[in-house]
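Novice: Supplied in structure tokens, the structure appears directly below.
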């Protein structure tokens, strides 16, 4: 006879299945509620502004996109203006563009289709790309902003001065290497002459 196991008995009985069928709507509502309310989704939108525009118009375009994001209920985490850069291929007969990258978080993403439609209709933009960030992307961006990634540590002059002095150098004995005999090259004779 098998020993009594509580786990297999509970899962094998009809009572467990009956309870799961009865309580499933309750658990799914709780899970959906926690998923929609407690977890914030992070996105990153990168766009290229037409370089023919003046500096003020470029900044106004970026501010307009930030206002759209705030209007839809997103919280802007970081705005990165990369600046004027060379394009890999020409877009609308332009070989350069002003790059912007905006990282934002939102609880519901149903408005993203409308936001991307507004981006598509904006004549000042050459291209745009919206990407959903996973937990690794969020951590990478956070580390990059805090300086842990992508920047070299600068040496502090005060730390260099307060460093302990190097250990004393011990004089080594001079080793005498015997000179080798020098052999001269053989004399070249011109046979054609």
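Novice: Given the structure, is residue 49 closer than 24 Å to residue 144 by Cα and either at pLDDT 95 or above or touching a strand residue (DSSP E or B) at 6+ places or on another chain (Cβ under 9 Å) (or both)?
Specialist: Yes.
Novice: Hand me the list of helices (runs of 4 or more DSSP H) wholly inside the range 32-146 holding 1 or more residues that are crowded, with 16+ Cβ neighbours inside 10 Å and in contact with a helix residue (DSSP H, G or I) (Cβ under 9 Å, 6 or more places away or on another chain).
Specialist: Fully inside the range 32-146 and qualifying: 55-71, 112-121.
Novice: Next up: Please work out which one of (1) closer than 16 Å to residue 100 by Cβ; (2) modelled with pLDDT under 95 is the condition residue 30 fails and give its number.
Specialist: So the condition that residue 30 fails would be (1).
Novice: Is there any pair with a first residue in the range 56-67 that is in the same structural domain as residue 84 (by TED's automatic domain parsing) and a second that is assigned to a helix (DSSP H, G or I) and surrounded by 13 or more Cβ atoms within 10 Å (Cβ to Cβ) whose Cβ atoms are under 8 Å apart and which are 6 or more apart or on different chains, and what are they?
Specialist: Close Cβ pairs (under 8 Å, with a partner that is assigned to a helix (DSSP H, G or I) and surrounded by 13 or more Cβ atoms within 10 Å (Cβ to Cβ)) amount to 65/119.
The values are calculated or read from the model by the stated rules, or taken from the named source; none is laboratory data. Only a predicted model underlies this, so the values are computations on that prediction, with no experimental measurement involved. Using ideal geometry, Cβ is built from the backbone for each residue, glycine included, and neighbour counts are taken over all protein chains shown.
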